[in-house]
Structure formats: structure tokens, C-alpha cells
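In what follows, a single structure is set out as C-alpha cells and then discussed.
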Amino acid sequence: MNLQELKELLDLFESRNISELELEHDGFRIKLKKKVPEPGPITSHEPSGEQNNIPGEPSKENNFLQITSPIVGTFYRAPSPGAEPFVEVDDVVEKGQVLCVVEAMKVMNEIEADARGRVVAILPQNSQPVEYGEPLFLIEPM
């Protein structure tokens, strides 16, 4: 399976109402599983003058760009163990600047900034597994 076929499979998985997929073909095996939110207690909130800003969910007051993972893999903030992270919160990044790597099948995939801006949040922890489409960074455009 080549990279284009893998991307098409991921797009198909994301666009359909599929929660889990396992595929084996010519010695290549892939298993995809969407995170299903667990139901929590239902609470009611009285409207107030303040708006809650949840990371990963842009509000009318913030116009953050969300950098998401293009693949399923492991999130790394630095190019190698012991190296300095690519970016920190409050760093100003340029379009195309590497923000992190996501390792998938022993391949380190560099994730770049889509635009110039300030890093507002780094959402996953270092070495944490990430899913396709999962938010990795919030960037305030400049």
C-alpha cells in the first residue's frame, strides 16, 4: 500500500460513519479506530457574560488556527530524544516551519505550520498516540 492509497483510505474512513476498520493486504496490516466520546453527566449552565473557551474549539472571540494530525501515530515535540522541542507555547512560527513530528510505521512525518502566528497551545503530551484529525496545536494568526 502506497502513501496515496493510505491517504485515500484515511479520507474514506473519516468521511463515512465507520468507527473501526482493520485491513490486511500483501503483508501490510492497518487498524483504525475512532475515539468515541464517553457520555458524561448532563449539566446546565446559566448564561453569563463570560464565554468558556475550550482548547481545540475556536470561539467567536478567538480565531485560532488548529493544526491537526494528518495520520495516526505517535506525537513527538523534538526531532530526537534529548533534543530541544521544535516549538514552545508563545513562540512565533513562520508558515512551513516544523512544529513536531508524528511517527507512523517507523517513519517520522514532519508537521508544519499552515501560517505565520503565535503558538497558543500544544495539545498532546510528548510521546502520546494521536489519531487522524486530532488537534495538535492552536496558532494565533499574525
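The values are calculated or read from the model by the stated rules, or taken from the named source; none is laboratory data. In this text the structure is predicted, and so the values were computed from the model without any measurement. Positions of Cβ are backbone-derived with ideal geometry, glycine not excepted, and every protein chain shown enters the neighbour counts.
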Working only within region 109-136, note down all residues that are in contact with a Ser or Thr (Cβ under 9 Å, 6 or more places away or on another chain) and not polar (S, T, N, Q).
-> 111, 124, 129, 130, 131, 132, 133, 134, 135, 136
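Has region 64-81 got any residue that is over 28 Å from residue 10 (Cα atoms), modelled with pLDDT under 90, in a loop (DSSP other than H, G, I, E, B) and not hydroxyl-bearing (Ser, Thr, Tyr)? Working first, answer last.
Of all residues in region 64-81, those over 28 Å from residue 10 (Cα atoms) come to 81.
Going one step further and asking which of them are modelled with pLDDT under 90, we end up with 81.
Right, trim to in a loop (DSSP other than H, G, I, E, B) and you get 81.
Subset that is not hydroxyl-bearing (Ser, Thr, Tyr): 81.
Within region 64-81, one or more residues are over 28 Å from residue 10 (Cα atoms), modelled with pLDDT under 90, in a loop (DSSP other than H, G, I, E, B) and not hydroxyl-bearing (Ser, Thr, Tyr).
Say we look at region 99-139 and pick out the residues that are among the small types (Gly, Ala, Ser) and over 23 Å from residue 3 (Cβ atoms); which of these is surrounded by the most Cβ atoms within 10 Å (Cβ to Cβ)? Full working, then the answer.
First, pick out the residues of region 99-139 that are among the small types (Gly, Ala, Ser): 104, 113, 115, 117, 121, 127, 133.
If we keep only those that are over 23 Å from residue 3 (Cβ atoms) too, we end up with 115, 117, 121, 127.
On the way: 115: 14, 117: 21, 121: 15, 127: 11.
Among those residues, the one meeting the criterion is 117.
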